[in-house]
Amino acid sequence: MKKTLIVVVVVVVLAVVGGAWWYFRDTDANGKLSLHGNVDIRQISLAFDGSGRVVELHADEGDRVKAGAVLGVLDTRTLALQAEQARAQIEVQRQNLARLHNGSRPEEIAQARSRLAAAQADATRARQDLARLQGIAAKTRGRGVSAQDLDRARSGVKVAQATVAEQQDALRLIEQGPRKEDIAGAEAQLRVSQAQLALLEHQIAQGELKAPADAVVRSRLLEPGDMASPQKAVFALALSQPKWVRVYVSEPDLGKLALGMAAEVFTDSYPDQPVHGKVGYISSVAEFTPKSVQTEELRTSLVYEVRVLVEDGENRLRLGQPATVHFVNGE
């Protein structure tokens, strides 16, 4: 019984050691190094940039989507109304700015000149009235005109002269046109309104959720009617490219690999139809074998990660699929 037990233990140990050697250092008679790993691809958690209620979703699990395709739409009606209001305000400000740039119209200048002429005529008449009263007072030695009439006439002359000065200043301002500061202020206000409109249009554009690259929809996480936010993913996408097989090589075989080395990837689904690839990455840091390798001996081994980039035009490889990679020394 003891001899039988010893033989069984020896057989188990040899099997485990042989399995470890086969997993990390499977080299056939033709000099091909074989490693075992899994297919890996990049994934995206796709969410809206803004917040709002989802009104449309255009993709389901398993759908292939192209870069730029609209996958979902938020309710942006409130933003659209605000944008329309901003456009109307911009048009008003543009017209005001055009009026300032064009300056006074010829009709306005002519009207100001007419008001000045009328004021000058009133001033001339007031001076004449004062001169006439002063003449009467001189002839009658003050008995023909009262002092109140003379004071009233003098006040009328002063008022008329002030009105002439006022109309002269008004004509000068109309002829000079708006101040540069007024024009600059109107231009700045127009830019503020345009920036506000651009922000609203950007927020409206963010109401569309677009695919950033060619991908496959793995998960649809929201439905129409749900509230979306930048923190809440709507779709989980798996990118079509790049695609690679992640394998691990032990230190004795590390020198047999080089960047760009050709490789063939085999799967159980297509055992006689390899997918071609090349070594695209070799880790410079050793690590323990991932926990997905179940034997204790392999888990405690130090290995180096290797990524084999593949050209999977027929889309045979799937995320997480086990695969065997054959390398040829010297290639």
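The figures follow:
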| read-out | value |
| --- | --- |
| Partner aspartates and glutamates for K158 [C-alpha distance under 13 Å; skip if fewer than 8 residues away on the same chain] | D122, D129, E166 |
| Pairs from K210/K232; K210/K278; K66/K243 whose Cα-Cα separation, in the structure shown, is over 24 Å | K210/K278 |
| ³J(HN,Hα) computed for each position of segment 64-74 - Karplus, 6.51 cos²θ - 1.76 cosθ + 1.60, integer Hz, glycine/proline x | 8, 10, 9, 4, x, 5, 7, 9, x, 9, 9 |
| Size of charge dipole - segment 140-242 - debye, nearest 20, with Cβ of Lys, Arg +1 and Asp, Glu -1, no other charges | 580 |
| Separation between Cα centres of segment 91-121 and segment 195-210, rounded to whole Å | 41 |
| Other-chain or far-sequence residues with amide H under 5 Å of M261's (modelled H) | V279 |
| Net dipole in debye of segment 82-201 [+1 Lys, Arg Cβ; -1 Asp, Glu Cβ; about Cα centre; nearest 20] | 980 |
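Each reported figure results from applying straightforward, stated rules to the coordinates on display, with no laboratory input. Bear in mind the structure is a predicted one, so any value in this text is a computation, not a measurement. Heads up, the Cβs are rebuilt from the backbone with ideal geometry, glycines too, and the neighbour counts pull from every protein chain shown.
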